[in-house]
1. Pick the calculated Rg and Dmax of the Cα atoms in Å for this structure from [x] 20.1, 64; [y] 21.2, 67; [z] 18.9, 58?
2. Under 5 Å between amide H atoms, partner at least 5 residues away or on a different chain: which partners does Leu277 have, H built in plane at 1.01 Å?
3. Just to check I understand the Karplus step: with θ = phi - 60° and J = 6.51 cos²θ - 1.76 cosθ + 1.60, what whole-Hz values come out for the range 65-78, glycine and proline as x?
4. Let me have the relative contact order for the range 252-337, percent, based on Cα pairs under 8 Å that are six or more residues apart.
5. Using helices alone, what [θ] at 222 nm do you get for the chain, with -39,500 (n - 2.57) per DSSP H run of 4 or more residues, divided over all residues and rounded to the nearest 500?
6. Mind running the shape call on the range 95-191? Use the C-alpha gyration tensor, a ≥ b ≥ c as the square roots of the eigenvalues: rounded below 1.5 for a/c, prolate if a/b tops b/c, oblate otherwise.
7. What residues have an amide H closer than 5 Å to that of Ala90, excluding those fewer than 5 places away on the same chain, when H is modeled at 1.01 Å from N in the peptide plane?
8. Quick check on packing: order 47-59, 219-231, 303-315 by the mean number of other C-beta atoms within 10 Å, highest mean leading.
Amino acid sequence: MTRSILASYLAVLVGGAAWAAASRSPSPATRPEAAAAAEISLRRDDKAGRLAVLIGGREAFAYQYAAALDLPHYWPLNSPGGRNMLVQRAEPYPHHRSFWFADTVRIEGGREVSLYNAYYSGREVESGKRYEPPFRDRIRHLEFSRLDAGGARALIEARLAWETDEAGPLLEERRTMTVQALGGGEYFLDLVFELRVLVEALEFRSDEVHYAWPYLRLEKRWSGESGGKIMNDAGAEGEKATNMQVAKWIDYSNTVDAETAGVAVFQYPDWANHRWLTREYGCFGPRRPDGVSGKPFLLLKGGTVRQRVGVLVHKGDANGGKVAERYEAYIKNRPPR
């Protein structure tokens with residue numbers, strides 16, 4: 001990794017204009033039926049470590065942040081018809097966490113710390129199969145810095161620490177999510193996260209596959225193995241045509257219990273191409289730009305890296321859910337290059 005490539009990447013991600021625009025960009029088009037039924041409310045339970053987001057009184061999704069977890073994540077994520085679409089712990093990949101962010105890093109002169117595989121740093125209960133807390137490596141929820149809900153919108157701001165037992169906090173994460181109810185059970189999440197280095201220097205070590213930026217992991221009945229369809233903005237379909245290909249968005253849809261619905265992830269434009277991991281078994285998510293994906297890069301103390309994505313839960317397949325049109329609405333007010 002040359003300094004010029006890394007500097008260009010960080011200049012894009014650290015630029016204040018793109019970050020500030022997070023609260024200004026429009027959400028995807030709201031369906032005409034959105035009104036009182038789209039009222040958003042929050043239900044917080046610190047004892048259970050769970051923040052539920054309800055739309056029209058029905059749970060849409062929940063943020064899981066219990067202290068005993070290897071890392072916070074979102075689960076369940078419900079379809080417009082109220083069916084959970086994601087799996088919280090999968091086999092044979094129990095480290096998959098439904099809808100999550102994670103990476104692998106190393107302090108100079110220290111060991112490699114995989115927060116992506118934090119689950120395996122716990123107490124081994126069943127040889128090579130099951131692990132329990134406490135976890136030596138973990139991402140820990142620290143606090144909510146803001147919780148607002150009113151009408152068809154909600155704003156959730158959280159602060160987290162990426163840490164190990166021996167070294168303490170390595171990174172501080174600040175995560176902002178704007179939730180928009182779209183009517184008819186559909187909703188949109190505009191999600192921005194920032195990692196800031198707390199130690200003198202930290203190297204990001206993940207290969208091009210094993211980091212979540214973020215990843216979503218669908219329940220098997222929603223996956224391609226059960227007839228689900230992966231589709232990108234170029235119209236390519238299926239894992240073979242979309243995996244590790246450049247795309248602006250990926251949509252995953254299926255028909256379950258007579259409901260056709262899908263979830264799309266949008267990569268907010270940062271003037272770089274992003275490849276995507278896709279799997280017929282149900283995992284998908286964007287990669288960083290090629291210059292810093294699958295290649296080590298170093299950040300010094302105080303250095304930051306940011307990412308912004310949109311997540312659309314919609315009726316129908318990619319066409320029925322108007323995914324392409326809603327992506328264009330999402331990026332409409334993006335700052336100039």
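FYI, it's all coordinate maths here, none of it is from the lab. Just so we're clear, the structure is a prediction, and the values are computed from it rather than from any experiment. Neighbour counts run over all protein chains shown; Cβ positions are idealised from the backbone, glycine included.
1. [z]
2. For Leu277, whose amide H was placed from the backbone, the distant partners under 5 Å are Met244, Gly285, Arg287.
3. 9, 4, 4, 7, 6, 6, 7, x, 6, 10, 6, x, 10, 8
4. Values: 94 pairs, mean separation 33.2, N = 86.
The normalised contact order for the range 252-337 reaches 39 percent.
5. Details: 4 runs with 29 residues, N = 337.
Taken over the chain, the calculation gives -2000 deg cm²/dmol.
6. Working: a/c = 2.88, a/b = 1.85, b/c = 1.56.
It comes out prolate by the Cα gyration axes.
7. His96
8. Working: 47-59: 15.7, 219-231: 19.1, 303-315: 21.1.
By packing density, highest mean first, the sequence is 303-315, 219-231, 47-59.
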